[in-house]
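Visitor: Have a look at this one before I ask anything.
Bear in mind that the values in this text are calculations on the coordinates, not laboratory data. Keep in mind it's a predicted model, so treat the numbers as computed, not measured. Cβ placement follows ideal geometry from the backbone for every residue including glycine, while neighbour counts extend to all protein chains displayed.
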Amino acid sequence: MATSSALSSDVQTELRRRHKSTATTVLSLLVAVVLLSVLAFVSQKFLTPHNSSSLDMTFRIIIPILGLGAIALRRTRLAKMRLQDIAAIRGPSGLLATLQKTALLMAIIGIAVALIGFVCTLRTGQVWYTYTAAVVAAAILLFYGYPLRPTWEQAVQRYSPTENRTNLVESEG
């Protein structure tokens, strides 16, 4: 795909560095969610199941709130006008920092959801808490938290001031 303007090498290097560290962190947390589910499955025979209506109600309220809150937070932090303002004031570096912080915030919310589910499993002995929370956490991590490099490149190209970009003609590849 050919574009009429490409990012400068400094911005490209920073983008590559920030994306790699963020993607590694998000994938590591996704692995942690899976490991929590496996741990809940393995420890199932050692837990004594009992019901806790207050814990159940709390879980059923907190998990959707965190899931929907993650969506709302991401949409707010990545709003077009906000990104334009950040790029105009702080340049491509500030824009990349914002993209990275947003992805990491989503990852933190995702792992918090998984941990809440695991704690509920430990308290009640019912593994469905962990499994339900793991599904929500994985959705947050993969669909809302995982950084897509082409999306980051497009955001920097779209919102960065023209003096921070280098006009180059790329060959189609």
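Visitor: What's the exposure ranking of Val26, Val34, Val113, going from fewest to most Cβ atoms within 10 Å?
Guide: Val34, Val26, Val113
Visitor: Here's a follow-up. Relative contact order (percent) for region 1-143, with alpha-carbon contacts under 8 angstrom and 6 or more residues of separation?
Guide: About 38 percent, as a whole number.
Visitor: Based only on other Cβ atoms within 10 Å, what is the fewest-to-most ordering of Thr132, Thr121?
Guide: Thr132, Thr121
Visitor: What list of ³J(HN,Hα) couplings, whole Hz, do you get for region 115-131 from phi and the Karplus terms 6.51, -1.76, 1.60, once you set θ to phi - 60° and write x for glycine and proline?
Guide: 5, 4, x, 5, 5, 4, 5, 4, 6, 10, x, 10, 6, 4, 4, 5, 5
Visitor: Out of Leu55, Ala32, Thr22, whose Cα points farthest toward the positive end of the dipole of region 7-104 (charges: +1 Lys, Arg; -1 Asp, Glu; placed on Cβ)?
Guide: Thr22
Visitor: Quick one: if the Förster radius is 25 Å, what FRET efficiency do Leu55 and Ala139 give, using the C-beta to C-beta distance and rounding to 0.05?
Guide: 0.65
Visitor: With just the Cα atoms of the chain, tell me how far they stretch along each of the three principal axes, in Å, largest first.
Guide: Largest first, the chain extends 65, 30, 22 Å along its Cα principal axes.
Visitor: As a footprinting exposure proxy, order Arg74, Arg60 by other Cβ within 10 Å, with the fewest listed first.
Guide: Arg60, Arg74
Visitor: Report the label-to-label distance for Arg149 and Ser9 in nanometres (one decimal), using points 7 Å from each Cα along the Cα→Cβ vector.
Guide: Taking the two extended label points, one gets 1.8 nm.
Visitor: Give me the Å³ per residue figure for the convex hull around the C-alpha atoms of region 48-129.
Guide: With only Cα atoms used, region 48-129 gives 76 Å³ per residue.
Visitor: Now a separate question. For Leu39 paired with Leu78, estimate the spin-label separation in nm (one decimal), with each label point 7 Å from Cα along the Cα-to-Cβ line.
Guide: 2.9
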